[in-house]
Structure formats: C-alpha cells, structure tokens
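Report on the following structure.
The values are calculated or read from the model by the stated rules, or taken from the named source; none is laboratory data. Since we're looking at a predicted model, the values are computed, not measured. All Cβ positions, glycine included, derive from the backbone under ideal geometry; neighbour counts span all protein chains shown. Please note that ligands, DNA and RNA were not included when accessible areas were found on the heavy atoms of the full protein model with its side chains. Shrake-Rupley method; radii C 1.70, N 1.55, O 1.52, S 1.80 Å.
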Amino acid sequence: MKKITIIFRHAPHGNASSREGLDLALLSASFEQEISLVFADDGVLNLLKEQQPSLIGGRDFISTFKALPLYDIDNTYACKQSMNERGISESQSLIDVELLELDEIKQQLTQADEVFVY
C-alpha cells in the first residue's frame with residue numbers, strides 16, 4: 001500500500017485543480033491506498049461550508065469532501081498559518097481537519113511515498 005499525500009493549494013473555483021485533486025483522492029482510496037490531504041495557501045478555501053458555486057456557473061464538488069470517511073480518508077490537515085491569514089476558523093470547515101504548523105506539514109510530506117499538488 002502506497003502512502004499518497006495530496007496538497008490542495010488553489011481556491012476551489014475558477015479552475016479544475018481542486019476538483020481533480022479530490023477525484024484523485026477518491027480514486028486512489030478506492031484502490032486501498034493510504035491517502036492524506038493537506039490544505040494550504042488558498043487551498044484552505046476548499047474547506048469553507050455553504051459555498052454556492054452555482055452562482056458563478058460552477059459545479060458543487062465541495063460537498064463531495066463529506067464523503068471522505070466513506071473512502072477511509074481520515075488524515076486531513078490544514079495549514080494553521082494559511083487558515084489564520086484568511087481568517088478561517090476550524091468551526092467554518094466543512095470537514096474535520098487537524099491544524100498543522102509548516103514544520104509539521106513538512107514532516108507529513110516526508111512520510112509519503114508520493115505527493116501530488118493541486
């Protein structure tokens with residue numbers, strides 16, 4: 001079993017990066033890979049509840065993050081600094097995340113067999 005870490009660094013709307021990262025996570029988990037997700041920089045915006053992408057003509061893939069436990073994806077982390085810089089609290093997150101400092105994220109990445117950035 002491979003340990004795969006997927007880093008979300010981009011805002012959820014305006015391009016397909018975040019949706020593609022989520023698709024990779026779910027697909028990899030269905031093949032019994034150990035998946036960890038890290039939300040950093042503008043990627044923490046993927047965590048916000050009650051987004052309405054239809055207002056800008058986008059698809060609502062954000063609600064799919066709620067399905068992560070069904071795929072046994074339990075290792076979900078967010079960069080504490082990124083959350084603070086954007087004024088986002090844990091209570092605003094759609095899913096449960098563990099807040100990590102930059103050094104802790106670096107440590108997490110060293111444990112992965114593969115790292116993908118979206």
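Checking each residue in segment 1-42 for being free of Cβ contacts under 8 Å to residues at least 60 places away in the same chain, open to solvent by less than 10 Å² (accessible area, probe 1.4 Å) and within 13 Å of CYS79 (Cβ to Cβ) picks out LEU37, PHE39. Count of segment 1-24 residues, restricted to those that are at pLDDT below 95 and outside any loop (DSSP other than H, G, I, E, B), is 3.
GLN51 satisfies every condition listed in (1) closer than 19 Å to MET1 by Cα; (2) modelled with pLDDT under 95; (3) of a type outside the set (Phe, Trp, Tyr) except (1). Answer yes or no: is there a residue in segment 74-82 that is farther than 21 Å from LYS3 by Cβ, among the charged types (D, E, K, R), touching a residue at least 40 places away in the same chain (Cβ under 8 Å) and open to solvent by 30 Å² or more (accessible area, probe 1.4 Å). Within segment 74-82, none of the residues are farther than 21 Å from LYS3 by Cβ, among the charged types (D, E, K, R), touching a residue at least 40 places away in the same chain (Cβ under 8 Å) and open to solvent by 30 Å² or more (accessible area, probe 1.4 Å). Within segment 88-118, the set of residues being free of Cβ contacts under 8 Å to residues at least 40 places away in the same chain and open to solvent by 60 Å² or more (accessible area, probe 1.4 Å) comprises GLU90, SER91, ASP96, GLU98, GLU101, LEU102, ASP103, GLU104, LYS106, GLN107, THR110.
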